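The values are calculated or read from the model by the stated rules, or taken from the named source; none is laboratory data. Note that the structure is predicted; figures quoted are calculated from it, not measured. For neighbour counting, all protein chains shown are included, and Cβ atoms are generated from backbone atoms with ideal geometry for every residue, glycine included. Heavy atoms of the whole protein, side chains included, go into the accessibility calculation; ligands, DNA and RNA do not. Shrake-Rupley method; radii C 1.70, N 1.55, O 1.52, S 1.80 Å.
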Amino acid sequence: MGWLGPAELEALRLSLRVSFWATLATLPLGIFVAYALARWRFPGRQLLNGLVHLPLILPPVVTGYLLLLTFGVQGPLGKLLAEIGIVVAFRWTGAALAAGIMAFPLMVRAIRLSIEAVDPKLEQAGATLGASQPFVFATVTLPMILPGIIAGAILAFAKAMGEFGATITFVSNIPGQTQTLPSAVYAFLQVPGGEEAATRLVIISIIIAMGALLLSEYVGRRAAARVAGS
């Protein structure tokens, strides 16, 4: 990475940090929501499905503005968090929150498709033997959908790496604090002579995105072959 300048390297490090925590923090909830949508029937199921996919439909700036209204220091949740010393607006943690929300639909969809590919009769067989639903999930479902979970996490990580609109609206573009790769590209393009640095970051972004897509496709094919052979 010697060909990257200090500001570029810092943006890359921050993007990796934000994307890692955004993916890790949302993964347990993503698995739960995906399972609920794939296996359960309950009032409000379609509403939940709509809310999960809403970040894909709304303009990212709108999502960022809603986060600012909710988690800003004057927002209902932001004010409560500030009272215990937690501030996410205009912090890297806020960038992780925004990136996690924007990446959540892709994660849930990948995991949901993996769950729906599992024959429910296998789960029912475990239940008829007296096993609890959590035990059946842990011993039957989870091993079979693990490739789908990995694929969903990879897609979410890649989406978080490329998130811009919601992030810059919610946490601004502060070098060394909230300036991720997309924000850094935008900032470099606003100053004379910044095209070279922006180009280097664009190349890195393309490599990461293509690598994530190829890895996700590979894991997805492995998952399909595994389920088909079971």
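Observations
- The one condition in (1) farther than 18 Å from residue 182 by Cα; (2) at pLDDT 95 or above; (3) open to solvent by less than 90 Å² (accessible area, probe 1.4 Å) that residue 29 fails to fulfil: (3)
- Here the range 166-181 is the region considered, the condition is being open to solvent by 10 Å² or more (accessible area, probe 1.4 Å) and assigned to a helix (DSSP H, G or I), and the residue that is farthest from residue 201 (Cα to Cα) is 169.
- Scanning the range 182-206 for residues that are open to solvent by 40 Å² or more (accessible area, probe 1.4 Å) and either in contact with an Asp or Glu (Cβ under 8 Å, 6 or more places away or on another chain) or closer than 16 Å to residue 65 by Cα (or both) yields a count of 3.
- Some residue of the range 28-51 being free of Cβ contacts under 8 Å to residues at least 60 places away in the same chain, charged (D, E, K, R) and in a helix (DSSP H, G or I): yes
- When residue 8 is tested against (1) assigned to a helix (DSSP H, G or I); (2) within 20 Å of residue 113 (Cβ to Cβ); (3) not small (Gly, Ala, Ser), only condition (2) is not met.
- Spans of helices (runs of 4 or more DSSP H) in the range 91-137 with at least 3 residues more than 27 Å from the chain's Cα centre (by Cα) and without any contact (Cβ under 8 Å) to a residue 40 or more places away in the chain: 120-128
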